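For reference, the structure is listed below as structure tokens.
The values are calculated or read from the model by the stated rules, or taken from the named source; none is laboratory data. This structure is a prediction, so every number in the text was calculated from the model and none was measured. Neighbour counts are summed over all protein chains in view; Cβ atoms, including those assigned to glycine, are modelled from backbone coordinates with ideal geometry. What goes into the accessible areas is simple: the full protein's heavy atoms, side chains included, and nothing from ligands, DNA or RNA. Shrake-Rupley method; radii C 1.70, N 1.55, O 1.52, S 1.80 Å.
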Amino acid sequence: MTAPLLRATRLTKSFPGVRALRGVGLTLNRGEVVAVIGENGAGKSTLMKILAGVQTPDSGEVQLEGHPVVLDSVLVALRHGIALIHQELNLADNLDVAANIFLGREPLRNGLIDRDRIEREAAVHLKAVGLDVSPRTPVHELSIGQQQLVEIAKALSVQARVLIMDEPTSSLSSGEAAKLFTVIHDLRSRGVSMLYISHRLGEVNALADRVVVLRDGENAGDLERADITHGAMVKLMVGRDLSQFYAHEPHPPGRPVLEVRGLRSRVHPKHAVDFTLRAGEIVGMAGLVGAGRTELLEALFGVTPAVGGSIRVDGQEIQPQSPQEAIAAGLALVPEDRKHQGVILEMAIRDNLSLASLRQDQRRGFLNRVRELALSGEMMSRLRIKAPHDQQVVQFLSGGNQQKVVLGKWLALRPKVLLLDEPTRGIDIGAKQEIYRLMEELSRTGVAILFVSSELEEILGLSDRTLVMHEGRLTGELRRDQLSEEAVMHLATNSSPSPSPLSTPALPA
Amino acid sequence: MISVECASGFCQSPGIIPVKLTFQPIAIPLVLTLALSTLLTGCKPASDSAGGSGSGGGKKKIAFVSNGVASFWTIAGAGVKAAGEKFGVDAETLMPVEGISDQKRIIEDLVTRGIDGIAVSPIDPANQTDLLNRAAKRTHLITHDSDAPASDRELYIGMDNYSAGRLCGDLVREAMPKGGTVMLFIGRLEQDNAKRRRQGVIDAILGRPANPANYDAPGTILEGNGFKILGTLTDQFDRAKGKANAEDALAKYPDLGCMVGLFAYNPPLMLEALGQANKLGKVQVVAFDEDDATLEGIQKGHVHGTVVQNPYMYGFKSVEILSELAKGNASVIPASKFIDIPARQIRKATVDEFWTDLKAKTGAKK
Amino acid sequence: MRKILGITALLIVVCVITSLASSSFLSAYNLENLIRRTALFGIISIGVAFVIVTGGIDLSIGSVVCLVGCGLPWLLTTHHWSVPTALAAVILVSVGIGLGHGLLITRLRLPPFVVTLCGLLLYRGIARGFTQDQTVGFGSEFKALRSLATGQIPLPFLSGFALPAPWIFLIAVAVLAAIFLNRTIYGRYLLALGRNEDAARYSGINTRRMIVLAYVISSTLAGLGGILFVLDVNSAQPVDFGNFYELYAIAAAVLGGCSLRGGEGTIVGVIVGAALMQVLRNMITLVTTHNNIEFAIIGAVILLGVIADELVKRYAARRRAARALAAEGAG
């Protein structure tokens, strides 16, 4: 047996105060897709950065085809055929596709950039990733998914043998993700090896030949193709059995709290939406990216005021023109973009937690510091926010803890209706579970919860009822006993439950 | 003198063309367009009227360009107006507000318009020779207040700033017969007239023979004749800074003997500083120009005296000469190419008479 | 706090050096002058600090100083308005200017830089228009009014030293500003929206109203500054009165710890920053005979201060990040 394409052994890496990797190993064979999973902080990103030459390990060894190599810069790694595709895309969106693919190593002719050659070669690579756009298309005209494919084409253009993909689907729609998976299959068949990092276990299940699980900077175990199951992965990741991952208990619906009639958002002014939310209910809202779910929540919350229709909270008609008015009526929104709309990164946990309730706790315009302190203490323990103290700047918290801060901010106001937009996006499995627990807990106290999610398993696991949207319209409502992947996808694509390429890979088996 | 109170190179408002000085922001696009088109089309329109004969056929048009905005120039403007009426020409006064670049633009625009004669007080004569020569090719050009001897200007109307400075220095010696320490305050030293005026003061105080070519660097302490000149502080036309300079000098030299303010606004600021330090009358003040506060200071005995020039005559004489030149009468140019409008010393004995006359001349204004 | 320590240390160092080099630096007269100047510039600097905290900028301050500085003597001496009416008028105009800026910025979504840059041109132009470009001043009138800026308050146990009146204004403004920024919910709102306007809005804060308020505070304090400046100097020349003062104010605010990215700022820091600028200018006159290099020295010292601050900040951020990571027990 020949040596594997890539073998890393006993890698360690410490940062001030933290041992990120404690002797991690990994092998990758030619034409193999290996998924690397683990909770946030397990060391996945550090491992990937070491392999791509972004960081150097404190100790340990990396071998390529049996020969030790020192990957001390991105350039060296690239020369060895290892390319990292970042979670945040690194394209210059003012340039066209071809220029991006060859950025920094443009072929010259007579001292000028050889446009013809760039476009010719770019076209070849675009074809290889199945991207059907002209090399002259400016990158800003492409969707995120297409930009992802451009990144991959760029990697291929340097003859990459190992592609490292860090959360590649985190901002893709299901359709785009499906397309990406086709490309991954195709590349694998052509002998390209891939390391695939994802929080989405469904994807991992559908794609990976092997799964490497990290926990606390160490190898927690590997799973061969045959052993890859959702449960097995979760068990290795969190180190315990998660029989009750979605601890759903049906909630007896109470009085109607939120009644929406003929609501038309500014983005989809032609489609009126009707639905009712009852006290103590958890309602999921499914749909493809761009179906108008976020816009609907923003209209309810007054961020982008609705252009028509009526909203009643506890029977009182409201027409929120700003979040302030929606909040006064008892609504709260955990927005999709946590870092830009949810928390104020540079401010302390305490200041973030009290931000929404300052007004109601004020003493003639002055801050009520006693109340602020009490509130943050209560929320820190109730939500199990992991931080040394509440003056910690939110920036340095993990995604899950940041999301808990957003939730805590709203809990302080005791909202009647809690709207959540992709509440678990980009946070690790442990924090996810805590957020689910909180949603359950709140619904038991009579809060009506409406949550938007693109993760079907989450919808299936949590909701008493599911609303499905497609292109701005509410295409259906499913009771818990009617709920199934097929039913949701059918409504979400507004088509017959066909072999849509979307559903298969994106969902857990 | 020329000292102008503002010719600050940094005033923000865009200047104006020969339009009235109000509401410039609206004029910005206009000014830009005009300046741009002037640049783009070169001096084409001007070439039509080259030679200085106005194409209008009617009254000759004459412009009097200052080096900044100041009450000094308002008085000169009164002379310009009076002469314009007397000699039957269209005479206007233009004050650049943004220093040298603004003055350049004004002159270029005037030439483009086909003006029959320009009298200008160049802000930086040594570096404006090209501009002045280009203008002199297309129209009649004379300098006033500050000369540009290297240029092709036809003559210079003004006062010799060096001599005026010496008059001022004589006032200092008169105020302090036993000598003592002296501090000089001035807006800025980049202008030739400012340099010469300051040098005249220094040479007279130190008892040196008259030599306009002398130059003492501002940072050096000069001694002689029983006097010690401690330095020259500039403020770049920032009033608060000018006052701070006076205050700092008083702090640094508690026994300062005499303060000399060489731009019109300096003496009032010095008086403010002295008033607040309770030193009015204890430190001698010698002034330049005729600010109201300065004249009042002379009346009260807080200012020993001031040296004034005659801006009214600058304006009047400039228009008179240019109207003759525009008619083709070159005999008004003296061999020396210099028409002297002498400066005068004003002391307590003469201040009332002078002030009355001044009010009469500017009477329409205030 | 740490930021204030740095700038305060710098101020002390400059003061010590200056007092060693010039015996007159610590004279009562010079200290009075410094305090008065610091007060005048401190007031306008506190104003702009509020705008900077929101992540905006106000370039019109110098021109507002000019408009008010020319307007007050013009109303009093040319139009013979009564003192209270004239004062009320110029303050009202200042408030109106800030309101206009704020509304243009929040309602029409115009960039603050553009709005206040146009203000910079506009207000000076207006001042030059109504004064016909003539210097306006109080002459020897209005002594009582002028004592607001030139007056001295004797201190009980210190003979030979009296507190300049503008200092009282500065302290009053600073105390109110500090209470507003640190103790009221509105101050918290300003700090929050300066960091992240979207998140603040999603939290139910009326961000537009708070931004308008910040511009009103800025121009009102610029107006107050303009009044005190002209009362101190006694005359104002529309062409250059207050020229560049917006830059001095912004520099003082930045020196005092305000981040131009918004969300950070302390009032004490701003005052120390304003003081540092004035002490530097004073030092150059007292110690050297070359006051033409003043801008070079001020520029160099500010730059050094900002560089040192940035380095300290990075070090602190690294340590904080490391501690946070360790505390989360992440691996």
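Please go through the residue pairs A:Lys404/C:Lys313; B:Lys252/C:Lys143; A:Lys270/A:Lys339; A:Lys44/A:Lys179; B:Lys59/B:Lys317 and name each one whose alpha carbons sit more than 20 Å apart in this structure.
Result: A:Lys404/C:Lys313; B:Lys252/C:Lys143; A:Lys270/A:Lys339; A:Lys44/A:Lys179 exceed 20 Å.
Report, as an integer, the average count of C-beta atoms from other chains found within 10 Å of each Cβ along B:279-285.
Mean shielding by partner chains, rounded to a whole number: 0.
In chain A, what percentage of the DSSP-assigned beta bridges are antiparallel, given to the nearest 5?
Beta bridges within chain A, antiparallel portion: roughly 55 percent.
Where a ≥ b ≥ c are the square roots of the eigenvalues of the C-alpha gyration tensor, would you call segment C:213-304 rounded, which needs a/c under 1.5, or, failing that, prolate if a/b is larger than b/c, or oblate? Kindly include the intermediate steps, with their values, before the conclusion.
Values: a/c = 2.13, a/b = 1.11, b/c = 1.91.
Oblate shape, in that a/c is at least 1.5 and b/c is the bigger or equal ratio.
Along the positive direction of the dipole of the protein assembly as shown (beta-carbon charges: Lys, Arg +1; Asp, Glu -1; about the Cα centre), which of B:Ala251, A:Thr493, B:Ile157 reaches farthest?
So the residue we want is B:Ala251.
Using only atoms on other chains, find how many Cβ atoms lie within 10 Å of each Cβ of peptide C:182-191 and report the average. The partial results should precede the final answer.
Working: counts 1, 4, 7, 14, 5, 3, 8, 3, 0, 4.
Across the residues of C:182-191, the mean count of other-chain Cβ atoms within 10 Å is 5.
Can you give the charge dipole size of segment B:197-337 about its Cα centre, rounded to the nearest 20 debye, using +1 on the beta carbon of Lys and Arg and -1 on the beta carbon of Asp and Glu?
My answer is approximately 220 debye.
Am I reading the B/C interface right? What is its buried accessible area, both sides, 1.4 Å probe, to the nearest 100 Å²?
Working: alone 15640 and 16120 Å², together 27980 Å².
For B against C, buried area totals roughly 3800 Å².
Show me A:44-57, A:425-438, A:376-389 ranked by packing, highest mean number of other Cβ atoms within 10 Å first.
A:44-57, A:425-438, A:376-389
Measure off, as a whole percent, the carbon and sulfur share of the 1.4 Å-probe accessible area of segment A:6-238, all protein chains present.
After summing per-atom areas, the C and S share lands at 48 percent.
What helices does chain C hold that run 30 Å or longer along their axis, going by alpha-carbon atoms, with a Kyte-Doolittle average of 1.0 or more, using DSSP H for the helix calls?
C:28-53, C:83-106, C:207-233
Buried accessible area between A and C (1.4 Å probe, both chains summed, ligands and nucleic acids excluded), in Å² to the nearest 100?
Chains A and C together bury approximately 3300 Å².
Measure out, as a whole number of angstrom, how far apart the alpha-carbon centroids of segment A:12-67 and segment B:151-175 sit.
About 83 Å separates the Cα centre of segment A:12-67 from the one of segment B:151-175.
Which of the aspartates and glutamates could a cross-linker span from A:Lys127 if the Cα-Cα distance has to be under 14 Å and same-chain partners fewer than 8 positions apart are dropped?
Counting by Cα, and skipping residues close in sequence, A:Lys127 has these aspartates and glutamates nearby: A:Glu119, A:Glu151, A:Asp186.
Which of rounded, prolate, oblate describes chain C, given a ≥ b ≥ c as roots of the alpha-carbon gyration tensor eigenvalues and a/c under 1.5 marking rounded, otherwise prolate only if a/b is larger than b/c?
Working: a/c = 1.93, a/b = 1.20, b/c = 1.60.
Judged from the Cα gyration tensor, chain C comes out oblate (a/c at least 1.5, b/c at or above a/b).
Each label point is 7 Å from the Cα along the Cα-to-Cβ direction; what then is the distance between the points at C:Ile297 and A:Ser134, in nm?
Reported label-point gap for C:Ile297 and A:Ser134 is 6.3 nm.
Where both partners of a DSSP beta bridge lie in segment B:161-308, what percent of those bridges are antiparallel, to the nearest 5?
Working: 3 of 22 bridges.
So the antiparallel bridges amount to about 15 percent of the total.
Carbon and sulfur: what percent of segment C:205-265's accessible surface (1.4 Å probe)?
On segment C:205-265, the fraction of accessible area on carbon and sulfur atoms equals 62 percent.
Per DSSP H run of n ≥ 4, the term is -39500 (n - 2.57); total these for chain C, divide by its residue number, and report the mean residue ellipticity at 222 nm rounded to 500 deg cm²/dmol.
Computed ellipticity for chain C at 222 nm equals -24500 deg cm²/dmol.
Inside 10 Å of the C-beta atoms of A:332-343, what's the mean count of C-beta atoms belonging to other chains?
Shielding by partners across A:332-343 averages 3.
Quick check: at a probe of 1.4 Å, how many percent of the accessible area of segment B:161-308 sits on carbon and sulfur atoms? It would help to have the intermediate numbers written out before the result.
Numbers: 2180 of 4390 Å².
Percent of accessible area from carbon and sulfur atoms in segment B:161-308: 50.
Tell me what chain A gives for mean residue ellipticity at 222 nm when only DSSP H runs of n ≥ 4 count, each as -39,500 (n - 2.57), the sum divided by the residue total, rounded to 500 deg cm²/dmol. Can you show the working numbers first?
Working: 18 runs with 166 residues, N = 509.
Taken over chain A, the calculation gives -9500 deg cm²/dmol.
Please compute the Kirkwood hydrodynamic radius of the protein assembly as shown from all pairs of different C-alpha atoms, in Å with one decimal.
This gives a value of 35.6 Å.
Please identify, among C:Thr266, C:Thr220, C:Thr85, the residue showing maximal mean-square fluctuation in a Gaussian network model of chain C using a 10 angstrom Cα cutoff.
Result: C:Thr85 has the largest fluctuation of those listed.
Just flag the trypsin sites (Lys or Arg not before Pro) in segment C:15-110 sitting in loop per DSSP whose Cβ has no more than 11 other Cβ atoms within 10 Å.
For trypsin sites (Lys or Arg not before Pro) across segment C:15-110 that sit outside H, G, I, E and B with at most 11 neighbouring Cβ atoms in 10 Å, the list reads C:Arg107, C:Arg109.
Of C:Gly98, C:Gly42, C:Gly187, which is the most mobile in a GNM of chain C whose springs link Cα atoms less than 10 angstrom apart?
Largest GNM mean-square fluctuation: C:Gly187.
Report relative contact order for segment A:6-238 in percent, whole number only (criteria: Cα-Cα under 8 Å, sequence separation at least 6).
Over segment A:6-238, the number comes to 28 percent.
Using only alpha carbon pairs under 8 Å that are at least six residues apart, calculate the relative contact order of segment A:364-488 and give it in whole percent.
17 percent
Mind jotting down the distance between the C-alpha centroids of segment C:193-213 and segment A:461-485, whole Å?
A separation of 35 Å, based on Cα centres.
Count the DSSP beta bridges whose two residues both fall in segment A:6-238, then state the antiparallel fraction as a percent rounded to the nearest 5.
60 percent
Would you work out the relative contact order for chain A, in percent, from Cα pairs under 8 angstrom that are 6 or more residues apart?
Values: 1047 pairs, mean separation 78.6, N = 509.
Answer for chain A is 15 percent.
Name the most mobile residue of C:Gly102, C:Gly299, C:Gly55, meaning the one with the largest mean-square fluctuation, in a Gaussian network model of chain C with Cα contacts below 10 Å.
C:Gly299
To the nearest 20 Debye, how big is the dipole of chain A about its Cα centre, given +1 on the beta carbon of each Lys and Arg and -1 on that of each Asp and Glu? It would help to have the intermediate numbers written out before the result.
Numbers: 58 positive and 61 negative charges, 156 e Å.
In debye, rounded to 20, chain A gives about 740.
Apply the a/c threshold of 1.5 to the C-alpha gyration tensor of segment B:161-308 and tell me whether it is rounded, prolate or oblate.
rounded
Per residue, how much accessible area does segment A:6-238 show when a 1.4 Å probe rolls over the protein heavy atoms, in square angstrom?
Per-residue value: 42 Å².
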